[in-house]
Amino acid sequence: MSATLYQLSNENITVEFSNSIDTMIRAIESNLSPAPQHKKNRLELNKLEAIRSLYICNFSQGESCYNWHKYFQMDAITYNEALCLLLGVIPSAVELISDDLSSIIKESDVHHHLTSYMFFREDANQLLIRKFKDMSVIESQEFILWALDKGLILKSINGLPESKQRPETIKIQTTVNILAREIKLANPGIKKEWLADDISNRLESEYNIARKPSTIERRFLKNWKLL
């Protein structure tokens with residue numbers, strides 16, 4: 001059985017969060033100097049630049065966010081990892097965040113915690129605090145059900161919300177997922193194009209479904225690494 005996939009209800013949140021980080025980076029750069037007291041700000045600047053360039057997902061590029069999707073399959077996640085998921089940030093970015101984001105960051109301390117503050121001030125964090133404050137570890141299933149109920153995430157099939165898929169497409173996608181898992185178990189290092197070719201042959205011979213390998217690769221194997 002294939003893993004359930006999820007997506008953000010508002011995928012523009014990644015663009016908005018990236019723009020907020022850009023604004024903060026420019027503000028830090030305009031006030032930097034070689035003075036020793038600015039060492040902390042230079043550190044924060046490096047962290048923010050790393051998050052912006054390495055950890056924020058571009059959901060228009062399907063597979064590029066494998067490392068975001070995989071956190072939904074874990075048994076438990078930390079509070080900070082949960083917030084990253086809601087912001088479309090790969091949760092391994094928590095190594096750059098020194099604070100517990102469920103705790104209040106006082107305005108007087110913001111300049112010492114600029115990276116953490118960028119996450120803390122997000123609306124998603126205020127919702128998360130109300131539900132999971134003081135929980136250092138959150139059961140993934142509880143988080144997922146809560147986020148679905150709040151409309152923050154959606155179940156998806158082949159990169160589209162479940163409700164927008166035609167029944168025939170859902171049926172083919174489900175069959176492709178089953179075949180892909182079987183083939184990958186037998187051939188762990190198989191390449192995507194070879195996988196699509198094998199699936200195309202089996203769809204036609206076993207299910208009387210004719211789909212070209214190129215169509216399968218493009219439309220039905222967007223998340224093949226997660227299967």
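The values are calculated or read from the model by the stated rules, or taken from the named source; none is laboratory data. This is a predicted model, so every value here is computed, not measured. Reconstructed Cβ throughout: ideal geometry from the backbone, glycine too, with neighbour counts over all protein chains shown.
Check every one of the strands (runs of 3 or more DSSP E) wholly within the stretch 60-161 and list those with 2 or more residues that are at pLDDT 90 or above.
The strands (runs of 3 or more DSSP E) meeting that bar are 76-78, 137-139.
Would you check which residues across the stretch 170-200 are of a type in the set (A, V, I, L, M) and out of contact with any strand residue (DSSP E or B) (no Cβ under 9 Å at 6 or more places or on another chain) and list them?
Of everything in the stretch 170-200, those that are of a type in the set (A, V, I, L, M) and out of contact with any strand residue (DSSP E or B) (no Cβ under 9 Å at 6 or more places or on another chain) turn out to be Ile172, Val176, Ile178, Leu179, Ala180, Ile183, Leu185, Ala186, Ile190, Leu195, Ala196, Ile199.
Search the stretch 61-92 for residues being in contact (Cβ under 8 Å) with a residue 24 or more places away in the chain and more than 11 Å from the chain's Cα centre (by Cα), and hand back the single one that is surrounded by the fewest Cβ atoms within 10 Å (Cβ to Cβ).
The extreme case among them is Asp75.
Scan the stretch 175-214 for residues that are touching a residue at least 24 places away in the same chain (Cβ under 8 Å) and closer than 20 Å to Thr4 by Cβ and jot them down.
Scanning the stretch 175-214 gives Thr175, Val176, Asn177, Ile178, Leu179, Ala180, Arg181, Lys184.
Residues checked against (1) modelled with pLDDT of 90 or more; (2) more than 13 Å from Leu114 (Cα to Cα); (3) of a type outside the set (S, T, N, Q):
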| residue | (1), (2), (3) |
| --- | --- |
| Asn19 | yes, yes, no |
| Asp22 | yes, no, yes |
| Pro36 | no, yes, yes |
| Leu54 | yes, yes, yes |
